[in-house]
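One structure is given below, encoded as structure tokens.
The values are calculated or read from the model by the stated rules, or taken from the named source; none is laboratory data. The model shown is predicted, which means the values in this text are computed figures rather than measured ones. Backbone-built Cβ (ideal geometry, glycine too); neighbour counts: all protein chains shown. Accessible surface is based on the protein model in full, side chains and every heavy atom, while ligands, DNA and RNA are left aside. Shrake-Rupley method; radii C 1.70, N 1.55, O 1.52, S 1.80 Å.
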Amino acid sequence: MMNSCIMLGCTLYTGVDFMAAFKSEDLIDPGIERDSHLTVLYSEGQEIPREKLPEIMETILGESDWENLISEFKAQTPKPVTEYFSLGVFPGEDKDFLVLVLQPDTPLYDTLQILHTGLKGHYGVSTKFPEYKPHMTLATFESGKAKDYVFNPTLGLILEKATFTLDDFILSYGLPEEPGDRKRYQVTTENAVSRFFRLLRAEKEAEYYNNL
């Protein structure tokens, strides 16, 4: 049975690659997250249908707020990372994730909470996490290593200058035994083409840094 993930695709502009702050020996697969996103809803073992998903999301959010969000996608106005996020660590069973945690005092936090709650109820999704914490994963580390970067001065300087944009909603499907092999579908298409080429460029940059 497929897993499903509804995501808000973002672009993270740092100017300096995160490899300037991270030690390659601390990272484990998939390493630095190049496909920046905020998870809206993750459904394990359930294939959320693509049909009418935009309309359902608009109904949950309300017409006015939905149109404002789509306008924000179109505008592509960069926002300062440090005004919206704080750095944190999410521990896993055998690895840790260094993440940017969205702050509760931001309008985007309220928007994602409404969408998460509404979609979870609409599709009858059961989640194993008691609380929804919108976040953007930066990288995956060996267990116990991510905490070493929370107060890393180089990473702090990178994030102080970093900005991000909101791009589009995306729906992905994947098998539990193949976490890296996912099919992605656009829910909205305001930046689908430009985001595709941004990710392609990011992959080429990753290959460059990995070969240094």
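Data table
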| read-out | value |
| --- | --- |
| Unsatisfied cross-links (Cα-Cα over 30 Å) in the set Lys147/Lys183; Lys147/Lys204; Lys52/Lys147 | Lys147/Lys183; Lys52/Lys147 |
| Straight-distance crosslink candidates among lysines, where the alpha carbon sits under 23 Å from Lys79 and sequence neighbours closer than 8 are dropped | Lys133, Lys161 |
| Correct choice for Cα extents along the principal axes in Å that was computed from the model, options (1) 46, 37, 32; (2) 38, 38, 38; (3) 49, 47, 38 | (1) |
| Segments 139-149, 186-196 sorted - mean Cβ within 10 Å per residue, highest first | 139-149, 186-196 |
| Accessible surface ranking that places the most exposed of Glu67, Glu51, Glu93 first, with a 1.4 angstrom probe | Glu93, Glu51, Glu67 |
| Heavy-atom accessible area per residue - the stretch 42-121, 1.4 Å, Å² | 55 Å² |
| Kyte-Doolittle at least -1.0, axis length at least 20 Å by Cα - qualifying DSSP helices, the chain | 107-123, 192-210 |
| Percent carbon-and-sulfur accessible area, the stretch 1-146, ignoring ligands, DNA and RNA, probe 1.4 Å | 49 percent |
| Phi-based couplings in Hz for the stretch 90-96 (Karplus 6.51, -1.76, 1.60; Gly and Pro marked x) | 10, x, x, 5, 9, 7, 10 |
| Listed residues Val81, Val99, Val125, most fluctuating in the chain (Gaussian network, C-alpha, under 10 Å) | Val125 |
| Unit charges on C-beta of K, R, D, E only; dipole of the chain, Debye | 220 debye |
| Computed E for His122/Glu47 - FRET, C-beta separation, R0 22 angstrom, nearest 0.05 | 0.90 |
| Shape category assigned to the stretch 79-145 from the gyration tensor of Cα positions, a/c cut at 1.5 | oblate |
